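Following: one structure in structure tokens, then a few remarks.
The values are calculated or read from the model by the stated rules, or taken from the named source; none is laboratory data. The model shown is predicted, which means the values in this text are computed figures rather than measured ones. Note that we place each Cβ from the backbone using ideal geometry, even for glycine, and neighbour counts take in every protein chain shown.
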Protein chains: 2
Amino acid sequence: MEPRISIVTLGVQVLERSRQFYKEAFGWEPASAQETISFYQLGGLVLALYPHNLLAADANAEPEQSGFRGITLAYNVREKTEVAQVMAIAEAAGATIVKPAADTDWGGHGGYLADPDGHLWEIAYNPFFPLNAKGEIEIPTA
Amino acid sequence: MEPRISIVTLGVQVLERSRQFYKEAFGWEPASAQETISFYQLGGLVLALYPHNLLAADANAEPEQSGFRGITLAYNVREKTEVAQVMAIAEAAGATIVKPAADTDWGGHGGYLADPDGHLWEIAYNPFFPLNAKGEIEIPTA
């Protein structure tokens, strides 16, 4: 297999609410918005928003959900001060701040927010993982 | 915010088992492997494997987990026949096939597998989302 994730799909309870959230909180507009799904072009990755129950059915799963999901998404920023800015805008747009921005024990700075469906986003400044011109992390070789 | 996800982090119960799985099933080697975390360079995205309990703690969450996680990852292939090939190799490496490869109602072909921690991967052929030379989806404009 080639090194890629093609699509990250988030199950959502109310698609229109989530579209609005990602527009207001993150400034993202879908590249394709259909009745039951929205696709966002995030560089070489696609983010999809899709109804939770349909996503569960597609994966042959029961839709019941509780507890920690065991997966998080991170948005890394270029400057330490951006963390608080991003989190403030997201909170104003309806995000839940689950961990306020603070210095981390690994030498960075960040916090966590939850989207309207509880999907966890870490907003992080990592001085050891600088972003290139395209905003991508290039993992330093040891 | 710029259009990106920087890192997708999967919580895992046994880091070495997961490293082995992603090597044998997907052919992926970490760009950086540390005692408690592995980072994979997937094009402009980074995939991280990190102990489930530490990930929960980092996100201020209780580690208990049950039911559908409400999020899936997709690996899209270039040719329809690749879906079955990828799923067979992953199954041999320990993946659970939760939905065998089949034609889909949206005109594609795909199936779902679960990694050793239950993280869901859709392996899909989508003729409406062709991959560019770098293997990335470029969402067609309507």
Please enumerate the residues belonging to segment B:99-137 that are surrounded by fewer than 16 Cβ atoms within 10 Å (Cβ to Cβ) and facing chain A (nearest Cβ under 7 Å).
-> B:Lys134
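Could you please let me know if A:Ser66 is more than 27 Å from B:Trp28 (Cα to Cα), within 10 Å of chain B (Cβ to nearest Cβ) and more than 14 Å from the chain's Cα centre (by Cα)?
So A:Ser66 passes the test.
Answer yes if at least one residue in segment A:15-29 is modelled with pLDDT of 95 or more, at the interface with chain B (Cβ under 7 Å from one of its Cβ atoms), within 16 Å of the chain's Cα centre (by Cα) and part of a loop (DSSP other than H, G, I, E, B), and no otherwise.
yes
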Conditions: (1) touching a Phe, Trp or Tyr at 6+ places or on another chain (Cβ under 6 Å); (2) within 22 Å of B:Ala48 (Cβ to Cβ); (3) within 7 Å of another protein chain (Cβ to nearest Cβ); (4) aliphatic (A, V, I, L, M). A:Ile5 meets all but one. Number of the miss?
-> (1)
Collect the residues in segment A:30-58 that are within 9 Å of chain B (Cβ to nearest Cβ) and either over 30 Å from B:Glu79 (Cβ atoms) or part of a helix (DSSP H, G or I) (or both), keeping them in residue-number order.
-> A:His52, A:Leu55, A:Ala56, A:Asp58
Of all residues in segment A:83-98, which are within 9 Å of another protein chain (Cβ to nearest Cβ) and under 22 Å from A:Pro130 (Cα atoms)?
-> A:Val86
Which residues, counting only those in segment A:28-58, are surrounded by fewer than 21 Cβ atoms within 10 Å (Cβ to Cβ), free of Cβ contacts under 8 Å to residues at least 40 places away in the same chain and small (Gly, Ala, Ser)?
-> A:Ala31, A:Ser32, A:Ala33, A:Ala57
Look through segment A:5-14, keep the residues that are under 14 Å from the mean Cα position of the chain (by Cα) and not aliphatic (A, V, I, L, M), and return whichever of them is nearest to A:Gly94 (Cα to Cα).
-> A:Gly11
Kindly establish whether A:Gly94 is touching a helix residue (DSSP H, G or I) at 6+ places or on another chain (Cβ under 8 Å) and closer than 27 Å to B:Asp115 by Cβ.
-> no
Could you check A:Glu64 against (1) farther than 18 Å from B:Glu2 by Cβ; (2) surrounded by 14 or more Cβ atoms within 10 Å (Cβ to Cβ) and say which number it fails?
-> (2)
All conditions in (1) buried (at least 22 other Cβ atoms within 10 Å of the Cβ); (2) in contact with a Ser or Thr (Cβ under 9 Å, 6 or more places away or on another chain); (3) of a type in the set (A, V, I, L, M) are true of B:Leu73 except (1)
The residue from A:Leu15, A:Leu10 that alone is in contact with a Leu (Cβ under 9 Å, 6 or more places away or on another chain), of a type in the set (A, V, I, L, M, F, W, C) and closer than 30 Å to B:Glu24 by Cβ is A:Leu10
May I ask you to verify whether B:Lys80 is facing chain A (nearest Cβ under 10 Å), among the basic types (Lys, Arg) and either closer than 23 Å to A:Leu47 by Cα or under 15 Å from the mean Cα position of the chain (by Cα) (or both)?
-> no
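Check every one of the strands (runs of 3 or more DSSP E) wholly within segment B:60-142 and list those with 3 or more residues that are more than 30 Å from A:Pro100 (Cβ to Cβ) and in contact (Cβ under 8 Å) with a residue 24 or more places away in the chain. So that I can check it myself, show each step before the final result.
Numbers: elements: B:65-67, B:71-76, B:96-103, B:109-114, B:120-125.
By residue number, B:71-76, B:109-114, B:120-125.
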